[in-house]
Amino acid sequence: MPDTVRLGMLTPSSNTVLEPMTVAMLAGIPGVSAHFSRFKVTEIALTDEALGQFDDSEILRAAELLTHAKVDVIAWNGTSASWLGFDRDEQLCERITQATSIPACTSVLALREIFQRTGVSRVGLVTPYLKDVQTRIVANWGASGITCTERHLGLQDNFSFAEVDEATIADLVRGVAREGCDAVAIVCTNMRGAAIVEALEHELGIPVYDSIGMTVWKSLSITGVDPSRVSGWGRLFHEVSSYSVAPADHKLGHASGPLAPTSG
């Protein structure tokens, strides 16, 4: 690992949670820092205006700015491919790397990789989103063989997601867990779920994956930093990283090659 590793994060403009959470996760790893570039995202809905916020051209302009900081990876720290389709993030990663020569990843493709690595097929889906957005996510995941129990809050304003307190999020997680699932996914990078993941895992006995944590996990893996150096933020960083992280296929946004436990 180089002496200094810089993680570049593409951030929705109205997001107030992912930056402090990401910095807190990395606080115990000397020489690793996170750097952020924003583009306009103010609402999550299926209207043409809301969907247009995720046009690649806006995201690529924000990615170009991260190159000025000489980052080692560029991560889209947002969950739009959950309802737009995994192919959108696959194409985005390819375009970012073509434009910047920097490897790219996303929160949603990291989530898919984690499910593949751990054999998860029944997921408890927790989001703040509107019902039609949630329905689209469930259908998209279902097409990939993932079934969902779900809870959502019916919110549209992206800034408002950060105002949902941890107790409310915890109750949503408990609700999907009671219905039966292999793991819970808190899908939104502007919800305060990451800090309560470890306590919920101890309580429920199943993995709880938060979108911000998944983005950090994948970004560290790509840059050659052992994710298990992140402590106190859940099983993801220790149990999933017990598998060897193969060289990343940045076009597909997930590791290629066989998945085998590391020795030692």
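The values are calculated or read from the model by the stated rules, or taken from the named source; none is laboratory data. Bear in mind that the values here come from a model prediction, so they are computed numbers and not experimental data. Positions of Cβ are backbone-derived with ideal geometry, glycine not excepted, and every protein chain shown enters the neighbour counts. Accessible surface is based on the protein model in full, side chains and every heavy atom, while ligands, DNA and RNA are left aside. Shrake-Rupley method; radii C 1.70, N 1.55, O 1.52, S 1.80 Å.
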Which of the helices in the chain, when you take each full DSSP H run, stretch at least 15 Å along the axis at their Cα atoms and have an average Kyte-Doolittle score of 0.5 or higher?
-> 211-223
proj_area_mean for the stretch 94-208 (convex hull on C-alpha atoms), units nm², value 8.1 nm²
Could you check how much of the accessible area of the chain is carbon and sulfur, as a whole percent, using a 1.4 Å probe?
-> 50 percent
Based on a Kirkwood Rh over C-alpha pairs, give the Stokes-Einstein translational diffusion coefficient of the stretch 112-177 at 20 °C and viscosity 1.002 mPa s in µm²/s.
-> 169 µm²/s
To the nearest 500 deg cm²/dmol, what mean residue ellipticity at 222 nm is calculated for the chain from DSSP H runs of n ≥ 4 alone, each contributing -39,500 (n - 2.57), summed and divided by the residues?
-> -12500 deg cm²/dmol
For the chain, how big is the tail of P(r) above 35 Å, as a whole percent of Cα pairs?
-> 7 percent
For the chain, build the charge dipole from Cβ charges (+1 Lys, Arg; -1 Asp, Glu) around the Cα centre, then report which of LEU125, GLY232, ALA195 sits farthest towards its positive end.
-> GLY232
In debye, nearest 20, what is the charge dipole magnitude of the stretch 168-212 about its Cα centre with +1 on Lys and Arg Cβ and -1 on Asp and Glu Cβ, if you could check?
-> 120 debye
Using the heavy atoms of the protein chains alone and a 1.4 angstrom probe, what is the accessible area of the stretch 1-149 per residue in square angstrom?
-> 39 Å²
